[in-house]
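The values are calculated or read from the model by the stated rules, or taken from the named source; none is laboratory data. Given the structure is predicted, the values throughout are model-derived calculations rather than measurements. Note: ideal-geometry Cβ built from the backbone for every residue, glycine included; neighbour counts use all protein chains shown.
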Amino acid sequence: MSFWKDTSLSLLRHAVTGEHACRSQPARFLSYTSRISRVSSSSRLPMTKGRTALTRNHQLWKQADKVRSFSVTAGVQHGHITPPKAGEEINVSFIDKDGEKVDLQVSEGDNLLDIAQANDLEMEGACGGSCACSTCHVIVEDPDMFDKMEEPSDDENDMLDLAFGLTETSRLGCQVLMNKELDGMVVRLPSMTRNLQASDFQAKN
């Protein structure tokens, strides 16, 4: 009987000790957690500020995106010519493939390819006026007028060798720039053209 009594008293003492421990524990626990909270809250401040800054920047970018404008620079279009000023007109005539003559007044510096295309005459200009094909081939009717032109370049002569119906007064329209000395010039369009370009003769791998 004394054994069970001693055991009960021992258990009671342990329970009382444990109760005192539990009463004192919450204060220590709260003190510890409050310190953790203060440290955590102070460490979270820069992160919160960073998120706020990122959000603000994102909003600014979205606003800028709405008002952002784009500009497009117009490319130089083939066949564009400037109308001549009064008293500065230069006369040039084209004889088309059907034999019809078209008289035009143009500005100094315009080339025959642009003049023809601006007036809906049948002149192809497959290379875009870069002297790399012979599709703007024209024949100058008057040999004396032909002699007033500047000598053709080596590149132009190379392309003229590919032209259909080549003559002694043949030129590439893209290379003939109008000036006062050529006033009254008449050029004939050949009955057909041969669309061979310089790139056709480059070595292909």
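Things to note:
- Looking only at residues of the range 182-196 that are modelled with pLDDT of 95 or more and within 15 Å of SER170 (Cβ to Cβ), we find that the one that is surrounded by the fewest Cβ atoms within 10 Å (Cβ to Cβ) is VAL186.
- Of all the numbered requirements in (1) closer than 18 Å to ARG171 by Cα; (2) modelled with pLDDT of 95 or more; (3) not basic (Lys, Arg), SER107 misses one, and that requirement is (1).
- First in the range 159-171 and modelled with pLDDT under 95, second anywhere and assigned to a loop (DSSP other than H, G, I, E, B) and among the β-branched types (Val, Ile, Thr), Cβ under 6 Å, 6 or more apart: PHE164/THR193
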